[in-house]
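In what follows, a structure is listed as structure tokens, so that the remarks can point back to it.
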Amino acid sequence: QVQLVESGGGLVQAGGSLRLSCAASGDTFRTYSMGWFRQAPGKEREFVAAVSWSGSTAYYSDSVKGRFTISRDNAKNMGYLQMNSLNADDTAVYYCNAGPGAVWTIKTTRGQYWGQGTQVTVSS
């Protein structure tokens, strides 16, 4: 149905920036809500951000609000997470997520489709 592949992770110093990309295969992606989650070692996977199918509505966790920006380009079947002012607490594997429900379902129940993750490491 939909396959998701993340890229753009890596090592960055505290205060720096990264942009993560989520490449989607499947002609229904443009109708799906999508979002980002992250998981650090020994911790639960947590919600980061979500955006509606049209890009008109976005939600963020309190910990990233004002620093991260979620966006998408449906013509390219791509989703993005721009991460600024990174700190050590942002170190985690970041996962792209998508599903057919309304945007709030990304946070509450999560979408059906997951990428395999990309590592983000912030050094101090």
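The values are calculated or read from the model by the stated rules, or taken from the named source; none is laboratory data. Quick caveat, the model's predicted, so the values are computed rather than measured. In this analysis, Cβ positions are derived from the backbone assuming ideal geometry, glycine residues included, and neighbour counts consider all displayed protein chains. All accessible areas refer to the heavy atoms of the entire protein, side chains included, with ligands and DNA or RNA removed. Shrake-Rupley method; radii C 1.70, N 1.55, O 1.52, S 1.80 Å.
What the Cβ-Cβ distance of residue 112 and residue 14 gives, at R0 = 41 Å and to the nearest 0.05, is a FRET efficiency of 0.75. Size of the range 27-88: Rg and Dmax of its alpha carbons, in Å, are 12.5, 37. Simple spin-label estimate for residue 39 and residue 124 gives 2.5 nm between the two label positions (7 Å along the Cα-to-Cβ direction from each Cα). Here is how the number arises for the chain: DSSP H runs of 4 or more residues each give -39500 (n - 2.57), the sum is divided by the residue count, and the result at 222 nm is -1000 deg cm²/dmol. Seen from all directions on average, the range 12-124 presents a Cα convex hull projection of 6.5 nm².
Taken about its Cα centre, the chain carries a charge dipole of roughly 120 debye when the Cβ of each Lys and Arg holds +1 and the Cβ of each Asp and Glu holds -1. Tell me the carbon and sulfur percent of the accessible area for the chain, rounded to whole percent, probe radius 1.4 Å. Roughly 47 percent, rounded to a whole number.
With all protein chains kept in place, the per residue accessible area of the chain amounts to 51 square angstrom at a probe of 1.4 angstrom.
Treating r as the C-beta distance of residue 61 and residue 1 and R0 as 22 Å, the FRET efficiency rounds to 0.25.
Here the 3J(HN,Hα) profile of the range 38-55, calculated from phi with Karplus coefficients 6.51, -1.76 and 1.60 at θ = phi - 60°, is 9, 9, 9, x, x, 10, 6, 5, 10, 5, 10, 6, 8, 9, 6, 4, 8, x Hz, Gly and Pro shown as x.
For the chain, averaging the sequence separation of C-alpha pairs within contact (under 8 Å, six or more residues apart) and dividing by the residue count gives a relative contact order of 36 percent. Here residue 75 and residue 102 are evaluated by their C-beta separation; at R0 = 30 Å the FRET efficiency comes out at 0.85.
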